[in-house]
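*Asks:* First the structure, which I've put down as structure tokens, then a few questions once you've had a look.
The values are calculated or read from the model by the stated rules, or taken from the named source; none is laboratory data. Quick caveat, the model's predicted, so the values are computed rather than measured. Using ideal geometry, Cβ is built from the backbone for each residue, glycine included, and neighbour counts are taken over all protein chains shown.
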């Protein structure tokens, strides 16, 4: 049987927050992977040139257009991809950008959530076929101080104790994940090195030792990310 290959394009906001386990997942399956490194001034491609758009995380806010002029172009580009029927996955900042583009409010969370914290699917998640590609309850990695409202017409997929809105699906081809399943140990080491100022005292903030202490956590989340992406690929073909 001939394997269906995908053209996957991702948007990267800072040099130290990359694709994690997504790149090896794509390579093993023979999918094409291209990038726009927005921080380096690279250009955005026509939406006709890719099947999937993955929007990675970053430390900036969705409305910081004056500090990051490429943000305005990126938001228009995300809107075009969503309304063109592309498969779109937003992670961290990418999830908040999707919410913003879809007309929802993005604001500060009541506390900063950093480290390993449990996430559970909502009762509403059963309304979306995309939810079946996520476990019912799992420990995910978090690094955020903001959150989003669920956009009108979207399905609320997941919550955590510290953050009610952790994920949503918009139609059957777009999903936003505030948490991170793609991070590897190296991903977290890069965040600790580059964003140490975020590691202040807080009820939902872990220290570097707790974040890096158990390699099995990374194996688990990367396996779930592989399963999620495989399921999304199956859904996008149907």
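*Asks:* Hey, could you check segment 132-164 for residues that are part of a loop (DSSP other than H, G, I, E, B) and out of contact with any strand residue (DSSP E or B) (no Cβ under 6 Å at 6 or more places or on another chain) and say which is nearest to residue 115 (Cα to Cα)?
*Replies:* Only one residue fits best here, namely 161.
*Asks:* Could you tell me which residue of segment 102-119 is nearest to the chain's Cα centre (by Cα), considering only residues that are closer than 18 Å to residue 58 by Cβ and surrounded by fewer than 24 Cβ atoms within 10 Å (Cβ to Cβ)?
*Replies:* 106
*Asks:* Further question: Report, by residue number, each residue of segment 36-63 that is in contact with a helix residue (DSSP H, G or I) (Cβ under 6 Å, 6 or more places away or on another chain) and over 21 Å from residue 233 (Cβ atoms).
*Replies:* Scanning segment 36-63 gives 38, 44, 57, 58, 62.
*Asks:* Restricting to strands (runs of 3 or more DSSP E) lying wholly in segment 1-100: which have 2 or more residues that are at pLDDT 95 or above and more than 19 Å from residue 177 (Cβ to Cβ)?
*Replies:* Filter on segment 1-100 gives 32-37.
*Asks:* Can you find a residue that is under 19 Å from residue 94 (Cβ atoms) and within 17 Å of the chain's Cα centre (by Cα) anywhere in segment 191-210?
*Replies:* Yes, because at least one residue in segment 191-210 is under 19 Å from residue 94 (Cβ atoms) and within 17 Å of the chain's Cα centre (by Cα).
*Asks:* Against the condition surrounded by 19 or more Cβ atoms within 10 Å (Cβ to Cβ) and in contact with a helix residue (DSSP H, G or I) (Cβ under 8 Å, 6 or more places away or on another chain), how does residue 131 come out, does it pass?
*Replies:* yes
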